[in-house]
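S.K.: Quick one: the structure is below, questions incoming.
The values are calculated or read from the model by the stated rules, or taken from the named source; none is laboratory data. Keep in mind that what you see is a predicted model, and the values were worked out from it rather than measured. In this analysis, Cβ positions are derived from the backbone assuming ideal geometry, glycine residues included, and neighbour counts consider all displayed protein chains. SASA here: full protein model, heavy atoms, side chains in, ligands and nucleic acids out. Shrake-Rupley method; radii C 1.70, N 1.55, O 1.52, S 1.80 Å.
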Amino acid sequence: HMPVCRIRMHQVHLQKPDGSYDFSLYDAAFDEAQRNGVKIYATVFPAGVAADVGGFKFPETDAHWKAVGKFIQQLVTHYKDHPALAAWVLLNEPGVGGIVPNTPFSQQKLKEWQAKQPAPITYNGYTRHSFDQDRFLREYTTWYLGWIAAEIRKYDGKSQLHVNNHM
């Protein structure tokens, strides 16, 4: 009596070595869900550069970011009209525990963000703690989730969007 499930739509399970996609594994799950009246929350789960059971939280390079966009296009255009689809889950458990990832993409985004921030305020020669890393991660996470949502909306304007919070 639980008519909803969540499936990680993992790129590693879908993309063949030649770059093409074989959706048959997930097609079977979607079709079985439809037969049984179950709706699916499909988690966008692109392949990361490094293996991580929870998935990466931000792209690791510009090339990786572009590859994520191409995966979203393949995934969404394939499943957007399937009757079992309830919603797209933008990212598996967003959050990095308060630590900015040490990847080229994240470090570049941090530098861009820092360049837009006002100079630190000092009080009697002491710099006041600014919580910049926390502020950056909040804005960076919001930006990335918004980007994923916009990519999905390019191909599917009707399905719900969802986030399963963690950190």
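S.K.: For n ≥ 4 DSSP H runs only, could you compute -39500 (n - 2.57) per run for the chain, divide by its residues and tell me the 222 nm figure to the nearest 500? Working shown, then result.
M.R.: Details: 5 runs with 70 residues, N = 167.
After summing the helix terms and dividing by residue count, I get -13500 deg cm²/dmol.
S.K.: Can you pull the one-decimal nm distance between simple spin-label points at R35 and K16, each 7 Å off the Cα toward Cβ?
M.R.: Result: 2.5 nm between the two label points.
S.K.: Determine by what factor the alpha-carbon radius of gyration of the range 7-58 differs from 2.2 N^0.38 Å, reporting the quotient.
M.R.: Details: Rg = 12.6 Å, N = 52, 2.2 N^0.38 = 9.9 Å.
The range 7-58 yields a ratio of 1.28.
S.K.: To continue, here is another question. K70: which lysines have alpha carbons under 28 Å from its alpha carbon, excluding same-chain residues fewer than 8 sequence positions away?
M.R.: Straight-line reach from K70, under 28 Å: K16, K39, K57, K80, K109, K111, K154, K158.
S.K.: Also, quick follow-up: Give the Debye-formula value of log10 I(q)/I(0) at each listed q (0.15, 0.21, 0.24, 0.25 Å⁻¹), with one equal scatterer per alpha carbon of the range 82-139, two decimals each.
M.R.: -0.63, -0.92, -1.05, -1.10
S.K.: Leaving ligands, DNA and RNA out of it, report the carbon-plus-sulfur percent of the accessible area of the chain at a 1.4 Å probe.
M.R.: Numbers: 5450 of 9970 Å².
Its accessible area is 55 percent carbon and sulfur atoms.
S.K.: Okay, next question. Hey, can you list the DSSP H helices of the chain whose Cα span along the axis is 27 Å or longer and whose average Kyte-Doolittle score is at least 1.6?
M.R.: Values: long enough: 132-155 (35 Å, -0.81).
Sorted by number, there is nothing, because no helix extends far enough and scores high enough.
S.K.: Additional query: With every protein chain left in place, what is the accessible area per residue of the range 23-167 in square angstrom, probe 1.4 Å?
M.R.: 57
S.K.: Taking a temperature of 37 °C and a viscosity of 0.692 mPa s, what whole-number D in µm²/s does Stokes-Einstein yield for the chain with Rh from Kirkwood over alpha carbon pairs? Write out the running numbers ahead of the final one.
M.R.: Values: Rh = 17.6 Å.
Answer, rounded: 186 µm²/s.
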